[in-house]
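Read-outs: derived from the displayed coordinates by stated rules, not from any lab. None of these values were measured; they are calculated from a predicted model. For neighbour counting, all protein chains shown are included, and Cβ atoms are generated from backbone atoms with ideal geometry for every residue, glycine included.
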Amino acid sequence: ESGLDILAAIKADDPSRRVVMLTVSDAAEDLMGAIRAGADGYLLKDMEPEQLLDRVRASLAGETVIGEALAARLAGALRQEAQDSAAGLRRDLSLLTEREQQVLRCLADGQSNKRIARTLSITEGTVKVHVKNLLKKLGFRSRVEAAVWMAQQAH
């Protein structure tokens, strides 16, 4: 079984379980595959041990963690994918309610559901519903994908 198969099985069993991929591959297609499969993070094995521990702790706190160099690759791959699929789904913030847009902006800032709930004075369960709805409306499979897309919209 591949890491993606195991990731899919874990997420199928419990979608709220945090999964961070630890790998040697910095290939954009591997990163995209992991994010699409629901990974909550993607880190390279060559990280310093202290940095790795910090990133794992951040993930356990609900944050999405991606190596700094990998974030640029992910953004580039998403941009290329968007250009390649001009006939595909139109992603537009106007599809979202004001509250969903607020949640998406918080996701783009890397906030956990708990932090988003505190920021917007709503329950964590309500945040999860908004995330699920905005992912569906915009055609994303993961919150990381949505967060990267939203961050790109600011540029």
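Structure summary
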read-out: For region 100-107, Karplus couplings with θ = phi - 60° (6.51, -1.76, 1.60), whole Hz, Gly/Pro x; value: 5, 5, 4, 4, 5, 4, 5, 4
read-out: Among 124, 63, 81, residue whose mean-square fluctuation peaks in a GNM of the chain (springs only between Cα atoms under 10 Å); value: 81
read-out: Extent along principal axes [Cα atoms of region 36-155; Å; largest to smallest]; value: 42, 38, 25
read-out: Size of charge dipole - the chain - debye, nearest 20, with Cβ of Lys, Arg +1 and Asp, Glu -1, no other charges; value: 740 debye
read-out: Extension gain from residue 119 to residue 80, taking 0.36 nm per residue of separation minus the Cα-Cα distance; value: 10.8 nm
read-out: Kirkwood Rh in Å, taken over all unlike Cα pairs in region 92-155; value: 11.4 Å
read-out: Most mobile of 13, 30, 40 in a GNM of the chain (Cα contacts under 10 Å); value: 13
read-out: 10 Å binning of all Cα-Cα separations within region 1-93, expressed as whole percents from 0 upward; value: 15, 43, 33, 8, 0
read-out: Efficiency of FRET from Cβ geometry, residue 152 and residue 53, R₀ 25 Å, rounded to 0.05; value: 0.25
read-out: Net length gained if the chain between residue 2 and residue 97 were fully extended (0.36 nm per residue, minus Cα distance); value: 30.4 nm
read-out: For residue 65, residues with placed amide H under 5 Å, excluding near neighbours; value: 41, 42
read-out: Candidates 100, 145, 50: whichever shows maximal mean-square fluctuation once the chain is modelled as a Gaussian network with Cα springs under 10 Å; value: 50
